[in-house]
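Novice: Attaching a single structure in structure tokens format; questions to follow.
The values are calculated or read from the model by the stated rules, or taken from the named source; none is laboratory data. Predicted, not measured: the structure shown is a model, and the values here were computed from it. Backbone-built Cβ (ideal geometry, glycine too); neighbour counts: all protein chains shown.
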Amino acid sequence: MYYHVNGELVPADEATVSVRDRGFMYGDAAFETLRVYGGTPFEWDAHRERLQRTAETLGFADAVPDDLRDRVDETLAENGLDEASAKVSVSRGVQPGKLTPGADVDPTVVVTCTPLPRGGRDGQRVWDDPAAVQTVRTRRIPSEAVPADVKTHNYLNGILGRLELRRAAGNREAADECLMRDMDGNVVEGATSNLFFVTENGLRIPSDDLDLLPGVTRSVVLDLAREESFPVETGHYSLDAVRDADEAFLTNSTWELRPIASVDGIEVGTGPMTTLLQRLFDERVEAEYY
């Protein structure tokens, strides 16, 4: 494998960044994970805009290079990959080892990739089974402390949630995803995924005004649901509302739409709306990328 590091393609085992890089030292970096179909990054503009927004929030808006898409394409081509997950990272770069950032930024820009199976109508899921989901005590960091709508290298919140799953499992297999709540007890999202659930009244999703990261795939699925005139409601929901749902699923760039088999051991499972949205998503990918 070859990765793109600061404008150069290098073998993966030689790809390094400085131990004084602020992305390593403080999580002072922005990133995006992209699904690649047929050699083309899915929803590139949306991912690029969110990366830019994160960099602006962190105070290094000019660090995102204009040729970032070219670097992604070069990385995919060098590795002969048309189906992949690609990750782009932009850090503030190397600076003196103090917390306050310096005004001058020499960013570190890295592109990595991982092979994935084909997507679309004739594709293969990257997951084997619907997800077992478990609620954790770890709460989502309030946006008043760390903005929830930016995607930085500091993923400790999600890591702590996933570690909680491991501790709870003991000698058993851990759940596939944790379900996190905000400080008021509202269900918000998973460690790396957005939540959808279905009731007799339609499709329900936690509102954007909660402490969550609105995902790119989440946005696409919402568009598909509205195009089909599905009743869609965004709001503040309790854990019981999700446990009592008729259907539920998770979304992210790699999983696409992954049905939820159970929440805290309570069976939820897939259903007609989840199945239809999966098909519509696959058909959109097929039409636009193959």
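Novice: Taking helices (runs of 4 or more DSSP H) that fall entirely within the stretch 173-290, which contain at least 1 residues that are in contact with a His (Cβ under 8 Å, 6 or more places away or on another chain), within 21 Å of Thr33 (Cβ to Cβ) and not polar (S, T, N, Q)?
Specialist: Where helices (runs of 4 or more DSSP H) fall fully within the stretch 173-290 and carry at least 1 residues being in contact with a His (Cβ under 8 Å, 6 or more places away or on another chain), within 21 Å of Thr33 (Cβ to Cβ) and not polar (S, T, N, Q), they are 216-227.
Yes or no, residue by residue, for (1) of a type in the set (Val, Ile, Thr); (2) part of a loop (DSSP other than H, G, I, E, B); (3) free of Cβ contacts under 8 Å to residues at least 12 places away in the same chain; (4) more than 22 Å from Asn252 (Cα to Cα):
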{"residue": "Met25", "(1), (2), (3), (4)": "no, no, no, yes"}
{"residue": "His47", "(1), (2), (3), (4)": "no, no, no, no"}
{"residue": "Asp66", "(1), (2), (3), (4)": "no, yes, yes, yes"}
{"residue": "Val72", "(1), (2), (3), (4)": "yes, no, no, no"}
{"residue": "Ser89", "(1), (2), (3), (4)": "no, no, no, no"}
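Novice: Right, here's the next one. Look at the stretch 219-237 and say how many of its residues are buried (at least 22 other Cβ atoms within 10 Å of the Cβ) and either aromatic (Phe, Trp, Tyr) or without any contact (Cβ under 8 Å) to a residue 40 or more places away in the chain (or both).
Specialist: 1
Novice: Of all residues in the stretch 11-50, which are of a type in the set (Val, Ile, Thr) and either touching a Pro at 6+ places or on another chain (Cβ under 9 Å) or over 16 Å from Leu68 (Cα atoms) (or both)?
Specialist: Passing the criteria: Thr16, Val17, Val19.
Novice: Determine which member of the set Thr40, Thr152 is in contact with a helix residue (DSSP H, G or I) (Cβ under 8 Å, 6 or more places away or on another chain), modelled with pLDDT of 95 or more and assigned by TED's automatic domain parsing to the domain that holds Met180.
Specialist: Result of the check over Thr40, Thr152: Thr152.
Novice: Filter the stretch 201-234 down to residues that are small (Gly, Ala, Ser) and more than 21 Å from the chain's Cα centre (by Cα), then give me how many there are.
Specialist: Result for the stretch 201-234: 2.
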